[in-house]
Amino acid sequence: MSFKLEDAITLPEKGLADEIVEEIAKRTGKNYQELFSMISERQERMNNLVSFEVVALVVAKEYGVDISKYLAILEERIFNETV
């Protein structure tokens, strides 16, 4: 029996925020760290009343990223989330 490193490593699934930031990075050439910081700062200016994902969508839209594929996912999460 042989051991393969690939079998031992399970990468976490990408979250919605990661996907949105990836789209912004592709469009702008900015790195993830810079984008996460930018989005976090904007979220803080909004007194953290808006989720990171929503702020990321706003930033994505400002950079001309097509956000339509994320809207239904985010709407589902926001309106069907139980408190």
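Some notes on this structure:
Each row is one residue, and each column tells you yes or no for (1) within 22 Å of residue 76 (Cα to Cα); (2) touching a Leu at 6+ places or on another chain (Cβ under 8 Å); (3) touching a residue at least 24 places away in the same chain (Cβ under 8 Å).
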position: 17; (1), (2), (3): yes, no, yes
position: 37; (1), (2), (3): no, no, no
position: 42; (1), (2), (3): no, no, no
position: 59; (1), (2), (3): yes, yes, yes
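- Positions within the stretch 60-83 being polar (S, T, N, Q) and at pLDDT below 85, in sequence order: 80, 82
- Selection within the stretch 38-58 - buried (at least 18 other Cβ atoms within 10 Å of the Cβ) and at pLDDT 95 or above: 39, 43, 55, 56, 57
The values are calculated or read from the model by the stated rules, or taken from the named source; none is laboratory data. Since this is a predicted model, take the numbers as computed values, not measurements. All Cβ positions, glycine included, derive from the backbone under ideal geometry; neighbour counts span all protein chains shown.
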